Structures are given as C-alpha cells and as structure tokens.
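The values are calculated or read from the model by the stated rules, or taken from the named source; none is laboratory data. These numbers were taken from a predicted model, which means no experiment stands behind them. Every residue, glycine as well, gets a Cβ built from its backbone with ideal geometry; the counts of neighbours run over all protein chains shown. All accessible areas refer to the heavy atoms of the entire protein, side chains included, with ligands and DNA or RNA removed. Shrake-Rupley method; radii C 1.70, N 1.55, O 1.52, S 1.80 Å.
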Amino acid sequence: MKDIIIKADDLHFSYDDGNSHSLNGLSLEIQRGKKVAFMGANGSGKSTFFLCCNGVNQPEKGTLYLDGKPLEYTRKGLLEARQKVGIVFQDPDNQLFSASVYQEISFGILNLGVSEETAKREVEEVIDHLEITPFRHKPTHALSGGQKKQVSIADILVMHPEVIILDEPAAALDPRHTVMVNKIVDELTQKGITVIMSTHDVDYAFSWADQVFLLKDGQVLTEGDPIQVFSNKAALAETNLKQPAVLELFNRLCLKGILKTTLKVPRTLPELETYIENVSERIYHGHGGTPQMNHQKNKAILVVSFGTSYEPTRKVTIDAIENDIAHTFPEYKIYRAWTSKMIIAKIKKRDGIHINNVKEAMEEMASDGITDVIIQPTHVINGIENDLMKEDALSFQNRFNSIAFGTPLLTDARDNEEVINAIAEEFKDIEKNSALVLMGHGTTHFSNAIYAALDYTFKDMGHPHIFLGTVEAYPTMQSLLRMIHSFKPQKIVLAPFMIVAGDHARNDMAGEDPESWMCQFQKASYQVVPVLKGLGEYEGIRRIFIRHVQTAIDNSRED
C-alpha cells in the first residue's frame, strides 16, 4: 500500500477572483520519502500548488490532504502544516528578513517553543552541516546569491520538516553553488525527507527524481517515473521541454545497434559510459578465411587522420603518432590515410604530393599482399569522420583475412582520465590566477556529449581552472564566457583540443577576426595567451593511441 504524504483532490485557485485559474482541477498524490520533480512552463501552476501545501494559498475548491488529513485553515492547522512542510523560495529575498544569518536560522525553531539550549544546538548543527560558518554573523542582505540559498535551506531544515519543497533551487546560482545545493538535496533525501522540487533542468530531473509531474494550465498533464515521463515526447512538446541528453543518446545508440534495447535505461552519463565501454570492437573477417586458417600473415597498421596542410604541425603531430606506432610495432608495416578531401586536394595542387584516402590506402594494402589490417584512427571522438572511415574500410572486407579497428582518442573513462592527466601535465606551470581554455571541433553527431562530460571531469579531477568548449557544437563560446566569468581569472591561456594545430587553431581560436575566441575573450577584458600546440604533440596523448593499437591487436588474436 502506498504511503501518501500529500494528496491534492480537484484543487482550484485563482489570483484574479475567478477570471482565470492557476490551479484548474489539480489532482495528484505524492509518496512519503520520494524525490519528486515538478516541471512545466512558467504559469503552469507549480509555485501556486507549493504555496497550497503549507497553507499560504487556500484553494477555492477541492481539498489538500497532509498525512491523510485535510489541511485545516485555522491557526493551529496552519502551524502544523508549516512544521510539516517547508518551502525554499526561488528568490531567497522573499524568505529572508532577519538582520543576521544566525538570527534568521534561529527564528523559526524558537517560535516552536523549544528551549534556547535546544534551539542553539539545532542551529549550530545546521550551520556546520550546510557550511555556513564562514558567514554566520553577516547581515543577510550582504550575502551572495548562493549564500542566501544556503541560509534559506537552513531556515527550513532546522525545523525538521517531513517535506521540503524547493522552487527552482539552482536559479541564478553559479556552478559552484549549484553543485553545493544539489549535494544538500541529495543528503536530505538520504535522511528520508520527502523532497519536492520544481526545475526546468530535464537532465537533473531525469537522474535525480523518483517521480515526475508535468503540469500544464493548472492540471497534471502526465506523471510517472522519469523514464515513463521523459519518453513521452508528445507531453514534453506540450510543456516546451526536451528529452534528457542521456535518454536521447541511449535511444540513438540502440537504433544504430550499438547498444541493446534490453539494457536497463541509464539515468546518468556515467551509467551510459559504462555501457559504451563494454561495447567491444568487432573483428571483421573476409572470404579469404579466418586468421587461424591462413598460415602466412602479412600484417599492417593503417593510421587514419583528418589531415592538415600545415607541414610544421603535421611533423610534430601526425608524423609523430605514426612514428611512435611504427617503433612500438616493428612487425607491422605502417600505412597512412587522410579523410579530408579538401586538404588532400590542396596538398596535391600546392606540393604535387598525393596522400591516400581510406579506400585508396585499402586498395594499396591489398595490392601489396597485406592479409591482416589494424586500423587506428587519430580522431578525437567516435564521430561522423570515424563512422565514414569504417564504412570505407569495410567495403574492402573481402580482400583481407581480417580488419580490426582501434578506437579514437576519447572512447572510455580511462581515456578521459589519461587525456586530462596529459593536459594537466603539459600546463602544470600555468599561473593560479589563469584559466586554460581548450577549443575542440564539435559535431552534430551524438558523440559530441563527450565534450561536456570531459569539461565536468576536468573539474571533478581537481582542475577547476580548465574549460573545454567547441567551435561547432556544445559547449559553445557563449557557455564558456558565462562559466569563465564566474571563475574570474586574470588571464586566459588558449589551446586547441585537436590533434593538430591547423586552420581552426590559427583562425577560429587565435585569429584576428573579431569572432575568433581570442578576440572575444579580449573584448570581455581578459588577457589572452594562445598556445598553438596540437594534442598530437603531447607524449601522453600519443601513448593512448599506442595502447588503442595494442588493444586492437589483442582483440584480433582472441577473435
């Protein structure tokens, strides 16, 4: 049997004498101890319902039940309701009124009639738990937005409510305080408190909530667990919401046959990454037979890169990667292919040098008598370029005994960690008051999510000064400007998050055009130092590609 702590039965409420209704027959049930997300467009009735839950609003029609009993709008009934249900308002200034932080947190519990000794003990515990000690004696009006939010939550928490309602808890907060508030919310739910939250953040609601209500025009449009609700695209469209990124990516990977639909739907990015990490690269056999059947093997490694027309950066990046692979695997013949038709044509016209595309390289290897091929891309992510490369290579499947693929630079959690360590080592001497901003390419491919995940992981691994954005996707330059403004560095070091420091690095990142990243940061009054050094120049990055080649070789032997 469900333990219902809040029940709304046909609630109606109007702010203008019945001309329009913010609540228009709202009926719902909330279970005790659950994490409940309320979502919907502004004006859908979320805040109005919250104010009904502790008696600030009295419905014109219908009944609100707390713990199975109708809320009574008497002095005693309202006091009981407000002890049971606490609300943290979206704007803390609507909640805070005492002169100092300590007085503010003490006010509510002292009005419950507890002794001063008990009240002091409870207040001290909350102040310590919510990390308020550094500003406990400050005037409330002098606090930052994040600090005011902490005090607003402390106001309610010290009262030991059974239900805490948070109306847009992350509104107007910087990233650091958003993380802090989310941590507090998690701790509340672990204590068994029923936490109700309104939010527009579908990704957070999807990962956090047990139950989701979508409201529209003062009624429940749909409700259920997060997977049910966020799979309902029609309801999301009616409330101007998008599917959570993790759910959308999972569905696309299932449609492509990369993941199985029988898997439990992941609710967080790490869960999805775990699924992807467990997807092993296939070994493709041709009609010539399996490697076990062929006694004579002529083995080769084809290194596939996007390419660059800048010879100096090519020598220290693409050439360096190929040379390291050749040195590590001397029993393999090394071949090269580039995927950029424009760069291949440019070098042919300018220098009279022909560089193979993937199909030409496969044809050359077949003509040379190569029987078994390892293909190692130097692509950063498993995006469109990598998909097209595989298609071209596999069109030659029947010309070889086997074709095995190494993975791009960023494929699993270990790759992410090693890339972060390589970059942190490269820029270990950066000044403490500086930010390192990395420019990636970006793509409309679903794999672009790795850039946002990696930006978060930099900070999670203790590098709050490192930021990662993209030229053509998310995180955008505009996103970076907002995040860096919160970080407040005195100087910005710009570096490409690309294998080579080519056109994008020289023009989009460090060019003189007003739209270049360097110029945009300078316009925002930052001192900017560009570093034209591609990822292929970092020894730690090249080691990752070596490891990926070795994994592909090991997999081909086991197959």
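From the set of residues in segment 373-400 that are modelled with pLDDT of 95 or more and not in a loop (DSSP other than H, G, I, E, B), which is farthest from ALA473 (Cα to Cα)?
This residue is VAL373.
Go through GLU418, GLU425 for me and flag whichever is in a helix (DSSP H, G or I) and under 28 Å from VAL246 (Cα atoms).
GLU418
Looking at ASP186, ASP167, ASP174, which is the one that is modelled with pLDDT of 80 or more and open to solvent by 10 Å² or more (accessible area, probe 1.4 Å)?
That would be ASP167, the only listed residue that is modelled with pLDDT of 80 or more and open to solvent by 10 Å² or more (accessible area, probe 1.4 Å).
In this structure, does GLU431 turn out to be closer than 17 Å to ILE381 by Cα, part of a loop (DSSP other than H, G, I, E, B) and open to solvent by 40 Å² or more (accessible area, probe 1.4 Å)?
Considered against the rule, which asks whether it is closer than 17 Å to ILE381 by Cα, part of a loop (DSSP other than H, G, I, E, B) and open to solvent by 40 Å² or more (accessible area, probe 1.4 Å), GLU431 comes out as no.
Just name the residue that is least open to solvent (accessible area, probe 1.4 Å) out of those in segment 215-232 that are assigned to a strand (DSSP E or B) and of a type in the set (A, V, I, L, M, F, W, C).
In this case the residue turns out to be LEU215.
Suppose the filter is open to solvent by 60 Å² or more (accessible area, probe 1.4 Å) and among the aliphatic types (A, V, I, L, M); does LEU410 pass it?
no
Would you check which residues across segment 125-135 are modelled with pLDDT of 80 or more and open to solvent by less than 60 Å² (accessible area, probe 1.4 Å) and list them?
VAL126, ILE127, ILE132, PHE135
Read through the list (1) surrounded by fewer than 22 Cβ atoms within 10 Å (Cβ to Cβ); (2) outside any helix (DSSP H, G or I), then give the number of the only condition that ARG350 fails.
Result: ARG350 fails condition (2) only.
Could you please find all residues in segment 240-284 being aliphatic (A, V, I, L, M), modelled with pLDDT under 85 and part of a loop (DSSP other than H, G, I, E, B)?
Result: ILE258, LEU259, VAL279.
For residues that are within 14 Å of MET477 (Cβ to Cβ) and either in a loop (DSSP other than H, G, I, E, B) or open to solvent by 40 Å² or more (accessible area, probe 1.4 Å) (or both), tally how many sit in segment 487-506.
Selection size over segment 487-506: 2.
Name the single residue, out of those in segment 46-90 being of a type in the set (Asp, Glu) and out of contact with any strand residue (DSSP E or B) (no Cβ under 7 Å at 6 or more places or on another chain), that is nearest to GLN150 (Cα to Cα).
Here the answer is GLU80.
Give the residues of segment 299-319 that are open to solvent by less than 20 Å² (accessible area, probe 1.4 Å) and out of contact with any Phe, Trp or Tyr (no Cβ under 9 Å at 6 or more places or on another chain), sorted by residue number.
SER309, THR313, THR317
Please go through segment 1-28 and give me each residue that is part of a loop (DSSP other than H, G, I, E, B) and surrounded by 16 or more Cβ atoms within 10 Å (Cβ to Cβ), ordered by number.
If the condition is that a residue be part of a loop (DSSP other than H, G, I, E, B) and surrounded by 16 or more Cβ atoms within 10 Å (Cβ to Cβ), then SER14, HIS21, SER22 are the ones that fit.
Which numbered condition in (1) over 26 Å from LYS34 (Cβ atoms); (2) open to solvent by less than 30 Å² (accessible area, probe 1.4 Å) is the only one that GLY108 fails?
Of (1) over 26 Å from LYS34 (Cβ atoms); (2) open to solvent by less than 30 Å² (accessible area, probe 1.4 Å), only one is false for GLY108: (1).
From the set of residues in segment 335-344 that are in a helix (DSSP H, G or I) and open to solvent by 60 Å² or more (accessible area, probe 1.4 Å), which is farthest from LEU388 (Cα to Cα)?
Only one residue tops the list, namely MET342.
Among what's in segment 349-404 and is touching a Pro at 6+ places or on another chain (Cβ under 9 Å) and among the acidic types (Asp, Glu), pick the residue that is nearest to GLY307 (Cα to Cα).
GLU385
For the subset of segment 472-486 comprising residues that are buried (at least 17 other Cβ atoms within 10 Å of the Cβ) and closer than 21 Å to THR444 by Cα, which member is nearest to the chain's Cα centre (by Cα)?
The extreme case among them is PRO475.
If SER447 passes every condition in (1) open to solvent by 70 Å² or more (accessible area, probe 1.4 Å); (2) farther than 23 Å from THR317 by Cα; (3) under 33 Å from the mean Cα position of the chain (by Cα) but one, which one does it miss?
Unmet for SER447, out of (1) open to solvent by 70 Å² or more (accessible area, probe 1.4 Å); (2) farther than 23 Å from THR317 by Cα; (3) under 33 Å from the mean Cα position of the chain (by Cα): (1).
Is at least one residue of segment 37-46 without any contact (Cβ under 8 Å) to a residue 60 or more places away in the chain, of a type outside the set (D, E, K, R) and not in a strand (DSSP E or B)?
Yes, segment 37-46 contains at least one residue that is without any contact (Cβ under 8 Å) to a residue 60 or more places away in the chain, of a type outside the set (D, E, K, R) and not in a strand (DSSP E or B).
Is there a residue in segment 523-542 that is crowded, with 21+ Cβ neighbours inside 10 Å, over 24 Å from SER305 (Cα atoms) and within 25 Å of the chain's Cα centre (by Cα)?
No, segment 523-542 contains no residue that is crowded, with 21+ Cβ neighbours inside 10 Å, over 24 Å from SER305 (Cα atoms) and within 25 Å of the chain's Cα centre (by Cα).
Do we have ALA552 as closer than 23 Å to GLU385 by Cβ, among the aliphatic types (A, V, I, L, M), in a helix (DSSP H, G or I) and more than 26 Å from the chain's Cα centre (by Cα) here?
yes
When you check LEU78 against the structure, is it among the aliphatic types (A, V, I, L, M), modelled with pLDDT of 85 or more, surrounded by fewer than 20 Cβ atoms within 10 Å (Cβ to Cβ) and in a helix (DSSP H, G or I), yes or no?
Yes; evaluated as a whole, the condition is true for this residue.
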